[in-house]
Amino acid sequence: MSLRSAANGILNLQLTGQAGKTYRLETTTNFIQWSAFTNVAGPTATIAIPESERTTTRVLFYRASEGVSP
């Protein structure tokens, strides 16, 4: 997983996984309570996820795991 800032100010989170798999992406500010952010699936191994929403929190952590959020 990598995070890059684009010229237009949008952050792009790029997740590299296995082709044909589905991944859930979650966010947290404290490593205790995780919130579903999105589910991603792609026919290729690399999935770009634009993060255009800015939160009021200064720090936001991400994690990805195989499967989908309930």
**Any chance Phe61 is open to solvent by 60 Å² or more (accessible area, probe 1.4 Å), under 12 Å from the mean Cα position of the chain (by Cα) and at pLDDT 85 or above** = yes
**Asked** Gly9 fails exactly one of the following numbered conditions: (1) modelled with pLDDT of 85 or more; (2) open to solvent by less than 40 Å² (accessible area, probe 1.4 Å). What is the number of that condition?
**Response** (1)
**Request:** Please work out which residue is farthest from Ser65 (Cα to Cα), limiting yourself to region 1-43 and to residues that are within 11 Å of the chain's Cα centre (by Cα) and of a type in the set (Phe, Trp, Tyr).
**Result:** Phe37
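The values are calculated or read from the model by the stated rules, or taken from the named source; none is laboratory data. Being a predicted model, the structure only gives us computed values, none of them experimental. Just so you know, the surface numbers come from the protein's heavy atoms only, side chains and all, with ligands and any DNA or RNA stripped out. Shrake-Rupley method; radii C 1.70, N 1.55, O 1.52, S 1.80 Å.
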